[in-house]
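Only one structure is covered here, and it is reproduced in the block below.
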Amino acid sequence: MRQIRLAIVGGGAGSFMGPVHRHAAALDGQVQVVAGAFSRDPARNAGAARPGERLYPDWQALIAGEAALAPDIRAELIAVLTPNATHAAISCAALAAGFAVLCEKPLARDRAEARAVAQAAAASGQPFAVAYTYLGYAMLHEIRARIAAGAIGIIRRIEARYVQGWLAEPVEQDVPGAAWRTDPAEAGISGCFGDIGVHAQSLVEFVTGQPIARVLADLVTCVPGRRLDDDGAVLLRLADGTPGTLVASQVCAGEQNRLEIAVYGSTGALRWAQERPGEAILSDATGAATRLSASPAMLNSASAAALLRLPGGHPEGYLEALANIYRALAAQIRGNADALTMPLAAADTGLRSLAFTAAVVASSASGGWTPVEI
């Protein structure tokens, strides 16, 4: 199985996502980094390159330079790991030049940019995915399959939360990644909800199989002087009217990466927590609970089992979840539909998140229920 050649834009020295994507792409031996424009700073850019990798000063030079190479040498896939403000421009240019694209979320700063990317992806015919890493966890696919099979009856309520504590103090100038995430020019119209709230939103829509139709939101900026929201809560309704709540915060001191979802049905409930990604809890109407683990022997879903690499009892985590996205994308680039191990979050998934964020911001400003409009 030949390796897919990957070029990375962003993710230079000091970034969180750069090393994560490198490790995840390499995990199955199916993707190899061959080029990069890792940082606008020349020293950080050079420091991120490894021997044998072609180095470019910026993303424009990378796309032009790789496109000019012979087809058996040039990159086939471009990973966009830059701050939000450049996601749309880089993705559209890469697609137009004939590259497949994996774009970090959010897809863009707003719906207009996201629509442009979705149109570019459709027009190009190139594989395109948004890196919703948590959707690569096997247990979420198992939960989705069990809900669809009626394991907990009719869905009556959803609760989702994503809370962190790393922005509890004004650390914009001290902590890498904090400055641009709190800058409207770089991050877009929302801070916390645009950054991590959309992960909770994507979980809700993925496991239920339904879009969020409308929201009633309350966004808060807790740290004085910060220009975007860093905390908030949302009442939501799915397309069929099912109610739910979604909380997102980056100022909950003491929390690390608490992404959780609970789905309550007429006959039981299913719960999952990202800090314990290899298990889910299935409860019946009496409250009796069964712990499901990421072991092929305990999974009903063959598609969920296909996302595992190790025997039961051997923990798999964040890197493996992102590696599942790279593995599926590599199969799509090769044109091998039979090897696809999971559905990829396409441009329309990213567009839905931008529509959700816009509705949350508008609802918080107006104080009323607001429809989620693409």
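Since every read-out is calculated from the coordinates, none of them should be taken as a lab result. It should be emphasised that the depicted structure is a prediction, and the values quoted were computed from it without experimental measurement. Virtual Cβ from ideal backbone geometry, glycine too; neighbours counted across all protein chains shown.
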Residue-count net charge about Val163 - beta-carbon cut-off 12 Å; Lys, Arg +1, Asp, Glu -1 | -3
In the stretch 191-283, which GluC sites (Glu not before Pro) fall in coil by DSSP and have 12 or fewer other Cβ atoms within 10 Å?
-> Glu275
Can you tell which of Leu167, Trp369, Gly265 lies farthest toward the positive end of the dipole of the chain, using +1 and -1 charges on the Cβ of basic and acidic side chains (Lys, Arg; Asp, Glu)?
-> Gly265
Please say if the chain is rounded, prolate or oblate, where rounded means a/c under 1.5 for a ≥ b ≥ c the square roots of the C-alpha gyration tensor eigenvalues, and otherwise the choice is prolate for a/b larger than b/c and oblate otherwise?
-> oblate
Cβ crowding within 10 Å averaged over residues, with 20-33, 93-106 ranked highest first = 93-106, 20-33
Rounded to whole angstrom, the alpha-carbon centroid of the stretch 185-260 lies from that of the stretch 63-100 at a distance of 30
Write down the percent of antiparallel bridges among all DSSP beta bridges whose residues are both part of the chain, to the nearest 5.
-> 60
If Lys and Arg each add +1 and Asp and Glu each add -1, what is the summed charge of the other residues whose beta carbon sits under 14 Å from the beta carbon of Asp195?
-> -2
Order these peptides, 336-343, 314-321, 350-357, by their mean beta-carbon neighbour count within 10 angstrom, highest first.
-> 350-357, 314-321, 336-343
Could you list His199, His87 in order of exposure, starting from the residue whose Cβ has the fewest other Cβ atoms within 10 Å?
-> His199, His87
For the chain: relative contact order, % (alpha-carbon pairs under 8 angstrom, 6 or more apart) | 19
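With +1 on each Lys and Arg Cβ and -1 on each Asp and Glu Cβ, how big is the dipole of the stretch 223-290 about its Cα centre, in debye rounded to the nearest 20? It would help to have the intermediate numbers written out before the result.
Numbers: 6 positive and 9 negative charges, 24 e Å.
So the dipole magnitude of the stretch 223-290 works out to roughly 120 debye.
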State the extension gain, in nm to one decimal, for the chain segment bounded by His23 and Ser303, taking 0.36 nm per residue of separation less the distance between their alpha-carbons.
-> 98.5 nm
Could you give the size of the charge dipole of the chain about its Cα centre, using +1 on the Cβ of each K and R and -1 on the Cβ of each D and E, expressed in debye and rounded to the nearest 20?
-> 580
Per-peptide average of other Cβ atoms within 10 Å, ordering 158-164, 206-212, 181-187 highest first = 158-164, 206-212, 181-187
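Only counting other Cβ atoms within 10 Å, I'd like Ser266, Ser301 sorted with the fewest neighbours first.
Ascending number of Cβ neighbours within 10 Å: Ser266, Ser301.
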